[in-house]
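Data first, discussion second: the structure below is written as structure tokens.
The values are calculated or read from the model by the stated rules, or taken from the named source; none is laboratory data. All of these numbers come straight from a predicted model, not from anything done at the bench. Cβ: placed from backbone, ideal geometry, glycine included. Neighbour counts: every protein chain shown. Only protein heavy atoms, including side chains, enter the accessible area calculation; ligands, DNA and RNA are left aside. Shrake-Rupley method; radii C 1.70, N 1.55, O 1.52, S 1.80 Å.
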Amino acid sequence: IKHGRIAFDNIKKVTIFLLYGSFTELILIASSLMFRLPLPVTAVQILWTNLAEDSLPNVALSFEPGEPDVMKRPPLKKSEPILDAEAKSIIFIIGITTDILLFGLFVYLYHFSSLELEHIRTIIFAKLGIDAFFNVFSIKSLKTPIYRYNIFNNPYLVAATIAGLFLMIGAVHVPALNALLGTVPMTLKNWGVVAGLAALNIIGVETVKWFFRKRALSVVEKYV
């Protein structure tokens, strides 16, 4: 029973993680075509981010050891969906909202900054890749705030995150990869912007988790 519940939780987490970022490229490309703007990222950059942010962390997330209260919960209904209201809120509300903000950043940099298009694309590319390494640690537990659990208790996830970060940093700062991917080196200020925007995603996910914890608590209190 314990392993079955852990498996169900992990399937849910992996599904949320994959779908959370699946609309990003679609929104960026579709929006740029709609407004007749240059593409914010190139095809090869999208492939690289998919390699770094999807292939490694999502496999590692499936090895999550399980929540401490996994055996204290009531049995799941047979009709229990993997994508419940909380999961859909994270995927559609937070995910798509942050994607729209990312496109807004591209439009702002393209029209109101002195940066070359290659530089702007590199910032968007870095943001696409780094996002996953922030979000995955928030999605590790949908029942507990991120500051209340050990984010390093899954060594596979830690290793996958480190490897993915090296892939993204290398893509920006290794000359051979610059030539392959059409990227340029970024400044510390650029990386600060990328990290700050990625942190906003965590705030969004944690806000959704808090809302559903409060709602569940109010339902319990109503019947006590």
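Results, tabulated for the structure shown:
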read-out: Pairs where the first residue, in segment 176-188, is under 17 Å from K127 (Cβ atoms) and the second is open to solvent by less than 70 Å² (accessible area, probe 1.4 Å) and of a type in the set (F, W, Y), C-beta under 8 Å, 6+ apart; value: L181/W48; L181/F125; T183/F125
read-out: Identity of the residue in segment 147-161, of a type outside the set (S, T, N, Q) and surrounded by fewer than 12 Cβ atoms within 10 Å (Cβ to Cβ), that ends up farthest from A198 (Cα to Cα); value: P155
read-out: The one condition in (1) of a type in the set (A, V, I, L, M); (2) open to solvent by less than 60 Å² (accessible area, probe 1.4 Å); (3) part of a helix (DSSP H, G or I) that V41 fails to fulfil; value: (3)
read-out: Neighbours by Cβ (under 8 Å, 6+ apart or cross-chain): first from segment 1-29, in a helix (DSSP H, G or I); second open to solvent by 30 Å² or more (accessible area, probe 1.4 Å) and basic (K, R); value: R5/R73
read-out: From the options L109, L115, L47, L101, residue that is of a type outside the set (D, E), at negative phi and touching a residue at least 24 places away in the same chain (Cβ under 8 Å); value: L101
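The rows are residues; the columns are (1) modelled with pLDDT under 85; (2) open to solvent by 20 Å² or more (accessible area, probe 1.4 Å).
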{"site": "I1", "(1), (2)": "no, yes"}
{"site": "A7", "(1), (2)": "no, yes"}
{"site": "I29", "(1), (2)": "no, yes"}
{"site": "S32", "(1), (2)": "no, no"}
{"site": "L37", "(1), (2)": "no, yes"}
{"site": "A52", "(1), (2)": "yes, no"}
{"site": "S55", "(1), (2)": "yes, yes"}
{"site": "L61", "(1), (2)": "no, no"}
